[in-house]
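> Take a look at this one; I'll ask things after.
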Amino acid sequence: MRLVLTDLTVRRVDCPVVDHVSLAIGPGEVVGLIGPNGAGKTTLMRAALGLIPARGQSSLYAMSPRERARAVAWLPQTRDIAWPMPVAAVVELGRLPHGDGATVAGQAAVTAALAQMDLSGFRDRPATALSGGEQARVLIARALAQDAPLLMADEPVAGLDPSHQIATMQVFAGLAAEGRAVMVSLHDLGLAARYCTRLVLLAGGRVVADGAPLAVLTPARLAAVFGITAHLSQGADGVIFQPLEVVR
C-alpha cells in the first residue's frame, strides 16, 4: 500500500492551512509528521483520508469507502469511549471493514492487538472504567486489529506513560518491518528521531524538510521552526534527541 499526495491544499477562508503538499509513503516506512502547533499536521492527515474538503489529489480518493476502510486504519487525536463496552468489544470494532469480528480469524486479530498494546488482562473490563492512557491504548489496539496495510495515527502516544510510548512506537516499527506503511504525527521529537525511518517537517502548512531524522532535525531548522536548541546524536543505542533551551 502506497499513499501518494499531490499538491494537497486545504484553505480556511483565504488562509491555506495545508499548502500544496506533495509526498509519498510506501511499505516499510514509519513516517513521522512533525511541526509546531498549527503547522497543519492533523488537517493534512484528514484531507488525505477525504474527511475534509481539499484541492489536489490523494491516492485514497480513488477508493470506495469500503476499500478505503480495508486499506487504511485511522486513529484520530480525539479518543473518547462513550459506552461501557468490554475492551475486547471496542477492539473488535476494528474488524468491521472485514466483517469477521466473530470468526476465529477476527478474534485472533483482536487477541493479537490486545497483546501488542499490553491489554490482554483488560479484555473483559468496561472500557470506560479505564484511565485515559489505558483508553488511548484500547483505541490504538482497535486500529491495529483492523490489520490494514496503511496506518495513519494522529498523536497516538500523547497521554501515555514513557514505557507505553516506547512500546507503541516499537509496535509501529514492527508493522513497517512486516511491509506495512505508517504515518504518525508526533510532538515528541525524541521518539520521532529514534523510531521513524523518515520525518516530514511542516510549518505554516508547507513541507519544510523531508528526509532521514538526522538530516531533518538540524540546529537551524530546530531554531527557525520550533524555536529551540537541542542535543542530537547517533550512537550505539540509536538516535538520541534532547531539547535544551528556547531561543525566542
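The values are calculated or read from the model by the stated rules, or taken from the named source; none is laboratory data. Note that the structure is predicted; figures quoted are calculated from it, not measured. Here the Cβ is made from the backbone with ideal geometry for all residues, glycine too, and neighbour counts use every protein chain on show. Accessible surface areas use protein heavy atoms only, side chains included; no ligands, DNA or RNA. Shrake-Rupley method; radii C 1.70, N 1.55, O 1.52, S 1.80 Å.
> For the pair VAL247/ASP118, report the inter-label distance in nm, with labels modelled 7 Å from Cα in the Cβ direction.
Distance between the two pseudo-spin positions: 3.5 nm.
> So, one more: To the nearest 10 degrees, how steep is helix 104-116 against the longest Cα principal axis of the chain, on a 0 to 90 scale?
For helix 104-116, the angle is close to 50 degrees.
> Considering only protein heavy atoms and a 1.4 Å probe, what is the carbon-and-sulfur percentage of the accessible area of the chain?
56
> Pulled fully out, how much extra length does the chain show between ALA89 and HIS187, if you take 0.36 nm times their separation in residues and subtract their Cα-Cα distance?
32.3 nm
> For segment 132-248, what mean projected area does the convex hull of the alpha carbons give, in nm²?
Mean shadow area of the hull around the Cα atoms is 8.1 nm².
> Calculate the spin-label point distance for ARG206 paired with THR218, positioning each point 7 Å from the Cα along the beta-carbon direction, and give it in nanometres.
The modelled label-to-label distance comes out at 1.6 nm.
> OK, next. Roughly how many debye, to the nearest 20, is the charge dipole of the chain about its Cα centre, given +1 on each Lys and Arg Cβ, -1 on each Asp and Glu Cβ, and no other charges?
500
> Any idea what the dipole of segment 125-248 comes to, in debye rounded to 20, about its Cα centre with Lys/Arg Cβ at +1 and Asp/Glu Cβ at -1?
About 180 debye.
> Given H placed on each backbone N at 1.01 Å, which residues far from ARG180 in sequence or on other chains put an amide H within less than 5 Å of it?
Amide H neighbours of ARG180: GLY28.
> Computed over the Cα atoms, what is the radius of gyration of the chain divided by 2.2 N^0.38 Å, N being its residue count?
1.02
> How large is the accessible surface per residue of the chain, computed with a 1.4 Å probe and reported in Å² as a whole number?
Normalised by residue count, the accessible surface of the chain is 45 Å².
> Given +1 on the Cβ of Lys and Arg, -1 on the Cβ of Asp and Glu, and no further charges, what dipole in debye does segment 138-189 carry about its Cα centre, rounded to the nearest 20?
120
> Quick check: the angle from helix 162-177's long axis to the longest principal axis of the chain, C-alpha only, nearest 10 degrees?
On a 0 to 90 degree scale, this one is about 90.
> Taking H as built 1.01 Å from N, whose amide H comes closer than 5 Å to the amide H of LEU75, not counting residues under 5 places away?
HN-HN under 5 Å from LEU75: MET152, ALA153, ASP154.
> Can you say what percent of the DSSP beta bridges in the chain, counting only those with both residues inside, are antiparallel? Round to 5.
Of the beta bridges lying entirely in the chain, close to 60 percent run antiparallel.
> While we're looking at this one, here's another question. How do 79-92, 209-222 rank on mean C-beta neighbours within 10 Å, highest first?
Descending mean neighbour count gives 79-92, 209-222.
> Still on this model: With the Cα gyration tensor of segment 1-60 in hand, convert its eigenvalues to equivalent ellipsoid semi-axes via √(5λ) and list them largest first in whole Å.
Working from the Cα gyration tensor, I get semi-axes of 19, 14, 9 Å.
> Moving to a separate point now. Among GLN57, GLY94, GLY121, which residue has its Cα furthest toward the positive end of the charge dipole of the chain, with +1 on Lys/Arg Cβ and -1 on Asp/Glu Cβ?
Most positive-ward Cα: GLN57.
> Turning to a different aspect of this structure: Under 10 Å, Cα contacts only: if you run a Gaussian network model on the chain, which one of ASP237, ASP188, ASP147 comes out with the highest mean-square fluctuation?
It is ASP237.
> Report, in deg cm²/dmol and to the nearest 500, the calculated mean residue ellipticity at 222 nm for the chain, where each DSSP H run with n ≥ 4 adds -39500 (n - 2.57) and the sum is divided by the residue count.
When only DSSP H runs of four or more count, the value is -8500 deg cm²/dmol.
> Relative to the first principal axis of the alpha-carbon coordinates of the chain, what is the inclination of helix 132-145, with its axis defined by its Cα atoms, in degrees from 0 to 90 and to the nearest 10?
Taking the Cα atoms of the chain, the angle to 132-145 is about 80 degrees.
> Here is a follow-up. Count the net charge of all other residues whose Cβ sits under 13 Å from the Cβ of GLY32, scoring Lys and Arg as +1 and Asp and Glu as -1.
Neighbour charge sum, excluding GLY32 itself: -2.
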